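One structure is given below, encoded as structure tokens.
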Amino acid sequence: MRKIALVTGGAKGIGAAIVRELANTGYDVVINYLTSKEKADALVKELSPLGVNVFSYQCDVSKEEEVDKMISYIESKLGTVDILINNAAVDISKLWNEKTSDGFRKTLDVNVVGAYNVARRVKKGMMDKKWGRIINISSTNGINSYYPVCLEYDASKAALISLTHNLAIEFAPYANVNAIAPGFIGTESELEGYDEEFLKSEQEKILVGRYGKPEEVAHLVKFLVSDEANYINNSVLRIDGGQYGA
């Protein structure tokens with residue numbers, strides 16, 4: 001029986017690359033999205049010839065009742081979730097005098113509380129099967145790369161790493177919980193809004209001399225959810241090309 005993967009924020013960027021990788025590897029995949037319906041539908045259509053089950057579901061992961069409905073729907077259609085990729089995130093980049101507590105709260109609600117909500121809901125299924133994988137997509141912004149214009153995002157990604165460690169203990173010994181911390185990944189949303197001088201200076205801090213590709217993050221996800229990674233747990237894996245400085 002094929003394993004079932006849920007990718008939150010899976011309609012575009014890194015999330016879409018993960019969806020493609022998992023579907024091409026032979027997993028059934030559910031694409032969670034909030035506003036990107038057209039991209040989610042296009043991704044379902046693209047992957048339908050693969051012969052695996054792929055469908056999309058609109059849900060605000062920061063809202064517990066919506067998460068409950070989404071997981072119940074997945075369970076009725078496919079079964080319990082085996083693999084959870086917590087990728088849904090918002091990044092409100094504004095100057096200090098433009099920031100608000102509401103924006104800070106929204107960032108934490110989606111990026112941290114959202115990951116908790118979904119993990120909480122899939123736990124029983126993983127414990128019953130005595131197998132599971134959770135991967136939280138954090139960021140080097142939560143480790144040692146700091147940008148005050150996105151301080152809410154940075155704080156949320158640091159909190160997601162802390163959540164990873166606690167979930168690993170809570171889900172042991174049956175489900176492995178890890179975090180991936182990408183550096184600069186060349187998605188449309190990642191590079192949008194920055195001037196060329198800033199992007200050039202950031203690229204010079206990357207030892208391999210280029211930005212990462214969403215597919216490279218997806219390759220790491222594929223490995224971590226495989227049986228070859230059975231002994232990797234409670235870890236934070238950077239994928240940043242050797243990025244240094246901030």
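Using a Debye calculation, one point per C-alpha and no hydration shell, please list log10 I(q)/I(0) for region 163-246 at q = 0.16, 0.20 Å⁻¹ in order.
Here the Debye-derived log intensity ratios amount to -0.71, -0.92.
Sequence neighbours fewer than 8 away in the same chain don't count; with that in mind, list the aspartates and glutamates whose C-alpha is under 13 Å from Lys63.
Answer for Lys63, where 13 Å is the Cα cut-off: Asp109, listed by chain and number.
Return the percentage of antiparallel bridges among DSSP beta bridges fully within the chain, rounded to the nearest 5 %. Mind showing how you got there, number by number?
Values: 1 of 28 bridges.
So the antiparallel bridges in the chain amount to around 5 percent.
Could you estimate the translational diffusion coefficient of region 4-239 from the Stokes-Einstein equation, with Rh from the Kirkwood formula over C-alpha pairs, at 10 °C and 1.306 mPa s, in whole µm²/s? Each step should come with its number before you reach the end.
Values: Rh = 17.9 Å.
Reported coefficient: 89 µm²/s.
Round to the nearest 0.05 the FRET efficiency obtained for Met1 and Asn144 when R0 = 41 Å and r is the Cβ-Cβ distance.
0.50
Name the residue farthest towards the positive end of the dipole of the chain from the options Trp96, Asn53, Gly212, assuming +1 on Cβ of Lys and Arg, -1 on Cβ of Asp and Glu, about the Cα centre.
Value: Asn53.
Trypsin sites (Lys or Arg not before Pro) within region 118-167: which are DSSP loop residues with at most 15 other Cβ atoms inside 10 Å?
For trypsin sites (Lys or Arg not before Pro) across region 118-167 that sit outside H, G, I, E and B with at most 15 neighbouring Cβ atoms in 10 Å, the list reads Lys130.
Rank Gly9, Asn166, Ser72 by how far each Cα sits towards the positive end of the charge dipole of the chain (+1 on Lys, Arg Cβ; -1 on Asp, Glu Cβ) and give me just the farthest.
Toward the positive end, the furthest listed residue is Ser72.
At what distance in nm do the modelled label points of Glu65 and Asn24 sit from each other, each positioned 7 Å from its Cα along Cα→Cβ?
Computed distance between label sites Glu65 and Asn24 equals 4.1 nm.
What distance in nm separates the simple spin-label points at Met127 and Trp96, each placed 7 Å from Cα in the Cβ direction?
Placing both labels 7 Å beyond Cα along the Cβ direction yields 4.6 nm.
Of the chain, which part is the longest with no GluC sites (Glu not before Pro) in a loop (DSSP not H, G, I, E, B) and with at most 15 other C-beta atoms within 10 angstrom?
That gives 1-191 as the longest site-free run.
Take Ser145, Ser93 and order them by how many other Cβ atoms sit within 10 Å, fewest up front.
With the sparsest Cβ surroundings first, the list reads Ser93, Ser145.
Considering only DSSP states other than H, G, I, E and B, which chymotrypsin sites (Phe, Trp or Tyr not before Pro) in region 204-235 qualify as loop sites with at most 12 other Cβ atoms within 10 Å?
Tyr231
Taken together, the values in this text are just the output of simple stated rules run on the coordinates, not laboratory data. Bear in mind that the values here come from a model prediction, so they are computed numbers and not experimental data. Cβ coordinates were reconstructed from backbone atoms using ideal geometry, including for glycine residues, and neighbour counts include every protein chain displayed.
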